[in-house]
Protein chains: 6
Amino acid sequence: MRPSGRALDEMRPVSIETGVTKHAEGSCLIRVGDTHVLCTASIEDRPPPFLKGTGLGWVTAEYGMLPRSTGSRMRREATAGKQGGRTVEIQRLIGRSLRAGVDRVALGERQITVDCDVLQADGGTRCASITGGWVALRLAVNALMKAGDVRTNPLGVPVSAVSCGLYAGQPVLDLDYPEDSEAGVDGNFVMSGERMIEVQMSAEGATFSRTEMETLLGLAEKGVAELSAAQLAAVA
Amino acid sequence: MRPSGRALDEMRPVSIETGVTKHAEGSCLIRVGDTHVLCTASIEDRPPPFLKGTGLGWVTAEYGMLPRSTGSRMRREATAGKQGGRTVEIQRLIGRSLRAGVDRVALGERQITVDCDVLQADGGTRCASITGGWVALRLAVNALMKAGDVRTNPLGVPVSAVSCGLYAGQPVLDLDYPEDSEAGVDGNFVMSGERMIEVQMSAEGATFSRTEMETLLGLAEKGVAELSAAQLAAVA
Amino acid sequence: MRPSGRALDEMRPVSIETGVTKHAEGSCLIRVGDTHVLCTASIEDRPPPFLKGTGLGWVTAEYGMLPRSTGSRMRREATAGKQGGRTVEIQRLIGRSLRAGVDRVALGERQITVDCDVLQADGGTRCASITGGWVALRLAVNALMKAGDVRTNPLGVPVSAVSCGLYAGQPVLDLDYPEDSEAGVDGNFVMSGERMIEVQMSAEGATFSRTEMETLLGLAEKGVAELSAAQLAAVA
Amino acid sequence: MRPSGRALDEMRPVSIETGVTKHAEGSCLIRVGDTHVLCTASIEDRPPPFLKGTGLGWVTAEYGMLPRSTGSRMRREATAGKQGGRTVEIQRLIGRSLRAGVDRVALGERQITVDCDVLQADGGTRCASITGGWVALRLAVNALMKAGDVRTNPLGVPVSAVSCGLYAGQPVLDLDYPEDSEAGVDGNFVMSGERMIEVQMSAEGATFSRTEMETLLGLAEKGVAELSAAQLAAVA
Amino acid sequence: MRPSGRALDEMRPVSIETGVTKHAEGSCLIRVGDTHVLCTASIEDRPPPFLKGTGLGWVTAEYGMLPRSTGSRMRREATAGKQGGRTVEIQRLIGRSLRAGVDRVALGERQITVDCDVLQADGGTRCASITGGWVALRLAVNALMKAGDVRTNPLGVPVSAVSCGLYAGQPVLDLDYPEDSEAGVDGNFVMSGERMIEVQMSAEGATFSRTEMETLLGLAEKGVAELSAAQLAAVA
Amino acid sequence: MRPSGRALDEMRPVSIETGVTKHAEGSCLIRVGDTHVLCTASIEDRPPPFLKGTGLGWVTAEYGMLPRSTGSRMRREATAGKQGGRTVEIQRLIGRSLRAGVDRVALGERQITVDCDVLQADGGTRCASITGGWVALRLAVNALMKAGDVRTNPLGVPVSAVSCGLYAGQPVLDLDYPEDSEAGVDGNFVMSGERMIEVQMSAEGATFSRTEMETLLGLAEKGVAELSAAQLAAVA
């Protein structure tokens, strides 16, 4: 039995509210259960220096957690003087994931920065960031297309992400914090429809078999299908 | 005429939503017009080292802006590797202001950290942070009192803050960003009812007379009375 | 009674020695009682990047304390790896204050950096820095005018600063360290003659009334008049 | 055809030379083709603070590249003032991977730090670091057991890692740099015998199917079997 | 001919003014020509952690230059976020040099920090810092002895330092900045009477013979004798 | 008697293996007894900014120690966030020493960076770095000459370095770690044949006489002659 009473293959309720800040070209507040992430997409007309003259665009991401988004207050990274290893790892993952779903030629020589700031955390913040980040990105790209700055749609099927893991020996979908902190094996699956973008499976202090991996992958496919529908509904 | 069409002595609409995050001992989302600040108060059972054994409590504050809380994206301070001068100045002001309204003996040997994170900025973020910060602090202290950890109420009249300035030659209350960026003289007034805690008046590239100062002070008194009522309503 | 035996409205002795370093375009050693600050003004022919092509000049300031300028040795900020919050706050105040007294069109596209380094501290170092900083700035500008690089005098009435506060319940002018560390309320007043540039009043752990504020303001006006005379004498 | 002329499922030659530094409790120089990594294991008698009194041991890892281990010189991270995101990500992976193969109760309250420093890079440095890191760890643990400080063997089947990817549309084992820089999809597989510890598959700017993932996994199993044999031979 | 008109073996005028700050246990302002360094010695009752329980004392030093102590303004190290390589090198030299002249058993378990801050630079600041630093140290130790905290005099013959070099092919004593910036070979000689503590000879882009080294050493002995007399006179 | 059983004027065995990394333009692994340093020379076609347009080249150096190159593991400088004072001092010495042996006009407008990374330390790492660094530099310059990019040989007699000191009252050549950690006086001598480049003699907590200095200098001359021969043999 899961602490939340959910079925093994049941996602938490997902809501995606768009247009939540007046300044960003694209924005949403994604809620996956009690995990709440504010995602904004900011357009810059210039690409990063290494792309100048290539005709290619760039999408990058930054990630942060408010100090009291968690059960006990964390030190503010701006005060600590640097981003921690976990933060760096996550924002690199978000950036890579979103770029995999972008036609960078169609985007043209500009940069879009997706900021994912966790207002409240309850497990799965990196997955919520990718899923919500794609919505913010989609809205920003829509604005570019409406303004005629981008002619060909550079985005396709939504990029979505979900975690799965072995909790109390059972394969479960969309781990919340109580599950995540106990899970022997957990994985993050970034997909675009039925195609995979990133698979990160990890066993903290344990190992897993190929069969277990297959099972979790199956759960992920179910979760991503639901997330994808929510993303499309939000940007409709 | 003010860009917003407000009367010279008219505040923007103020709303204070409490209990907005499930983890913090006290929290609120304060909206002063389009300026939105998420305030949380986190209790630590131990005081900072310099107060150990004194019987005194401590209240401190940290301030941050989400990268796209502003019209154009700002660099994330965690990435830059340090908090900027303006950030440091503001969070020191918030901390001093809130401490002025606390009976540190009654609070006892513990520390409360108030985090003020700007989700959307449109001028007056430091004032909104102090005003909302007091609400978060009040709620956290209520929890301590309810649990019997604090016996005597350490908080009195709300601590509130508002900005006033000379805009297009006219004294105006509660400057929004378009006014703030044009104002020759502006001031931040932190008050607790009719008593003053901090007055910071500044003339970027200009000077002002004693009479002008008096006029702005009068406006501030009006604004603080309204904010104070909103704070009390929120924590009722 | 004040620890120093001074009258309530009595400044400490002020001396301003100019030309104290052979390299700087303008320099002075200001002594306000036992507070000694070495101020230098350094001219750069180029303005900061954000002013390029605007025809406007810039004045900025940096502040530091020698490690043993204080009663017990402080950690050197260069060793600590960053300037502390108080330092940043003070140097921003010095810069803003001096700029308020400069005609930036007349100064032309160049930058003057005023360094204020405290050799010995006994309260009021930020005020002494502003007062002495103006003298260094005036001397540097004189050099520019003499050389024909600046035609119209960009400086007017001296910018001066003094602190006032409530000590043992009495309003006092020009707090020294023993007073400053005990004062419930204290304020820093930056003025240019009878016009005000910055007012910063603060009550560490206390509040003050509007009447008290008025009284301190009156004391500040007396102090600034005396400082202004000393500044003019020094640069004559 | 692969640039190196290797068969699709052919590893580069692997050599593991042990005892290469006289100070470390365990050490080896692992060469996987032209990728050369110096691995040392350093024992500290005290565990990290968060494990004090738990009876559990800890294994952690750090990773670095010599500035000219690469085709063009990279900036030294000590000079840059921080470890880059890629470095942090890799050393966290190495640490997690090695810990998965350790019985932390049997290890007892001590810490072993595995340093992996790349002397020459030609692709696959993180995999070589894990594989060589396990050898250094094994040797250090052997020393502890020989000295009687550890009674029960805390290590089991070797932890080994290999990369696989799609190069020019073909699934290949053990990518070298020319392949790695062109591969659309690549994955790192950390295994302990037939059990998996970490799977990290990534498609820079592309996607992959579940079938492709299965194929790469099969290649990885072949590579890990060979690496495991080399590790056992080295520590025999 | 030297730019200053001095004889080849002629020092610049040396003056040492003691008791220049009211807070430090020992202090002096040393002037060697136009090089002016403020030296303070600060006593801490506790030794550094690595000496706890050894009965030994410690002397350490820090060095800094005011931003406009030089011909063109240097960036403030506190702003840059770290001490430069030259600064670190110099303060390590000052610390080692002063420690060589201290009986650390007689000093007892305490630490004295000598701060050397250059107010005006004209070559030879590290030598002036050592020479003046010893005077500040001597005065601080005198205070400890007078208070009965130290019984046996831990200091002997003054530690003094002077630079010599080859300027325009001639061996010269006590290089000023115009000479220093042109000298092919220069050396810093730290001595205690006739005994040597540190010799640092360096040829930027050149080499020197053993004979030239001997000649410079002879000049240094002359300079140190004069400095030593000035130090003893200052502390008498 | 020396701990190693060597004669007072006997060097440790020296070996210099060249071409040890496939990427660097010049490289060697120098072993002086148990001190092993990997030296690489990397050519950049552009000089540092301050030399642009002067026709002069530049040689600079960086130094590092692997964390477990020493008896107990040292903290990695990249993790600590900065290079320590000792590291900075050493790499500045290596750079200055190598530049003294370079005709910068003949080298032309380019920069060569020599990286010296200590794989295993047993005393004398800075001297081994200079000696091995020259070999790497020589090989890189040979490549430039072979390619016709440099016409006139910019290097002459090898730059070599050795340490000497007073150990147990006796003058000894080439101190190993057990000697170095006990020596009252030690010196580093950088020479080019019979000419001197740098002399750094230091007495940690002690002093030395002119006669002792002369004796050590004699030993150094013997050591440098042997090193020079080894360097020439290696690059032959």
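Taking strands (runs of 3 or more DSSP E) that fall entirely within the range C:1-70, which contain at least 1 residues that are closer than 22 Å to B:Gly85 by Cβ and at pLDDT 95 or above?
C:35-44, C:58-65
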request  = Would you mind telling me which numbered condition in (1) more than 10 Å from chain D (Cβ to nearest Cβ); (2) under 27 Å from A:Leu98 (Cα atoms) A:Ala168 fails?
outcome  = (2)
key: Only listed residue being closer than 21 Å to E:Leu93 by Cα, hydroxyl-bearing (Ser, Thr, Tyr), in contact with a strand residue (DSSP E or B) (Cβ under 8 Å, 6 or more places away or on another chain) and modelled with pLDDT under 95, chosen from E:Ser163, E:Ser181, E:Ser202   = E:Ser202
task = Select from the range B:106-115 the residues that are more than 10 Å from every other protein chain (Cβ to nearest Cβ) and in contact with a Ser or Thr (Cβ under 8 Å, 6 or more places away or on another chain) and list them in ascending order.
result = B:Ala106, B:Glu109, B:Gln111, B:Ile112
query = Here is a list of conditions, (1) modelled with pLDDT of 95 or more; (2) touching a Gly at 6+ places or on another chain (Cβ under 8 Å); (3) not aliphatic (A, V, I, L, M), and F:Gly223 meets all of them except one; can you say which number that is?
reply = (2)
message = So if I check each of F:Thr87, F:Thr79, which one is β-branched (Val, Ile, Thr), within 11 Å of another protein chain (Cβ to nearest Cβ) and within 14 Å of the chain's Cα centre (by Cα)?
response = F:Thr87
key: Test set (1) more than 14 Å from chain F (Cβ to nearest Cβ); (2) buried (at least 19 other Cβ atoms within 10 Å of the Cβ); (3) among the aliphatic types (A, V, I, L, M) - D:Ala61 fails condition number   = (1)
request  = Could you tell me which residue of the range F:189-206 is farthest from E:Arg104 (Cα to Cα), considering only residues that are surrounded by 21 or more Cβ atoms within 10 Å (Cβ to Cβ) and more than 7 Å from chain E (Cβ to nearest Cβ)?
outcome  = F:Met191
message = Looking at the structure I just gave you, is D:Ser160 away from chain A (no Cβ under 14 Å) and either under 11 Å from the mean Cα position of the chain (by Cα) or without any contact (Cβ under 8 Å) to a residue 60 or more places away in the chain (or both)?
response = no
Close pairs (9 angstrom Cβ cut-off, 6 or more residues apart or separate chains): at positive phi in the range D:198-223, part of a helix (DSSP H, G or I) and of a type in the set (D, E, K, R) anywhere = D:Gly205/A:Arg96; D:Gly205/A:Arg99; D:Gly205/A:Arg104
Selection from the range D:198-235 of residues that are within 15 Å of the chain's Cα centre (by Cα) and not in a helix (DSSP H, G or I) = D:Glu198, D:Val199, D:Gln200
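Does D:Leu232 count as crowded, with 19+ Cβ neighbours inside 10 Å and of a type outside the set (Asp, Glu)?
No; evaluated as a whole, the condition is false for this residue.
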query = Under the condition of being of a type in the set (A, V, I, L, M) and without any contact (Cβ under 8 Å) to a residue 60 or more places away in the chain, which residue from the range D:138-154 is surrounded by the fewest Cβ atoms within 10 Å (Cβ to Cβ)?
reply = D:Ala147
query = Quick one: which of D:Ala147, D:Ala100, D:Ala106, D:Ala121 is at pLDDT below 95 and of a type in the set (A, V, I, L, M, F, W, C)?
reply = D:Ala100
note = The residue that is nearest to the chain's Cα centre (by Cα), considering only those in the range E:25-44 that are of a type in the set (D, E, K, R) and within 11 Å of chain C (Cβ to nearest Cβ), is E:Asp34
inquiry  = Of everything in the range F:17-34, what is surrounded by 24 or more Cβ atoms within 10 Å (Cβ to Cβ) and either at positive phi or β-branched (Val, Ile, Thr) (or both)? Give them in sequence order.
reply    = F:Ile30, F:Val32
task = Find the residue count for the range E:90-99, including only residues that are touching a residue at least 40 places away in the same chain (Cβ under 8 Å) and either in contact with a strand residue (DSSP E or B) (Cβ under 6 Å, 6 or more places away or on another chain) or more than 8 Å from every other protein chain (Cβ to nearest Cβ) (or both).
result = 4
query = Does at least one position in the range C:91-105 carry a residue that is crowded, with 24+ Cβ neighbours inside 10 Å and in contact with a Cys (Cβ under 7 Å, 6 or more places away or on another chain)?
reply = yes
request  = Return yes when A:Val157 is closer than 19 Å to D:Arg210 by Cβ, aliphatic (A, V, I, L, M) and surrounded by fewer than 18 Cβ atoms within 10 Å (Cβ to Cβ) and no when it is not.
outcome  = yes
task = Test D:Gln231 against the criterion of being within 16 Å of D:Ala128 (Cβ to Cβ), in contact (Cβ under 8 Å) with a residue 60 or more places away in the chain and at the interface with another protein chain (Cβ under 7 Å from one of its Cβ atoms), and give yes or no.
result = no
inquiry  = Between D:Ser181, D:Ser209, which is in contact with an Asp or Glu (Cβ under 8 Å, 6 or more places away or on another chain) and either away from chain A (no Cβ under 13 Å) or surrounded by fewer than 24 Cβ atoms within 10 Å (Cβ to Cβ) (or both)?
reply    = D:Ser209
query = In the range E:64-73, which residue that is surrounded by fewer than 24 Cβ atoms within 10 Å (Cβ to Cβ) and more than 24 Å from E:Arg96 (Cβ to Cβ) is farthest from the other protein chains (Cβ to nearest Cβ)?
reply = E:Ser72
ask   = In this structure, is F:Ala78 at pLDDT below 95, buried (at least 18 other Cβ atoms within 10 Å of the Cβ) and under 18 Å from F:Gly55 (Cα atoms)?
value = no
query = What pairs come up if the first residue lies in the range D:111-124 and is within 22 Å of D:Gly165 (Cα to Cα), the second is of a type in the set (Lys, Arg) and not in a strand (DSSP E or B), and their beta carbons are under 7 Å apart, counting only those six or more places apart or on different chains?
reply = D:Gln120/F:Lys22
Conditions (1) modelled with pLDDT of 95 or more; (2) surrounded by fewer than 20 Cβ atoms within 10 Å (Cβ to Cβ): number failed by B:Val135 = (2)
message = Tell me the residue from C:Asp186, C:Asp176 that is within 14 Å of another protein chain (Cβ to nearest Cβ) and either more than 16 Å from the chain's Cα centre (by Cα) or crowded, with 23+ Cβ neighbours inside 10 Å (or both), please.
response = C:Asp186
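The values are calculated or read from the model by the stated rules, or taken from the named source; none is laboratory data. Please read all numbers here as calculations on a predicted model, not as lab measurements. Reconstructed Cβ throughout: ideal geometry from the backbone, glycine too, with neighbour counts over all protein chains shown.
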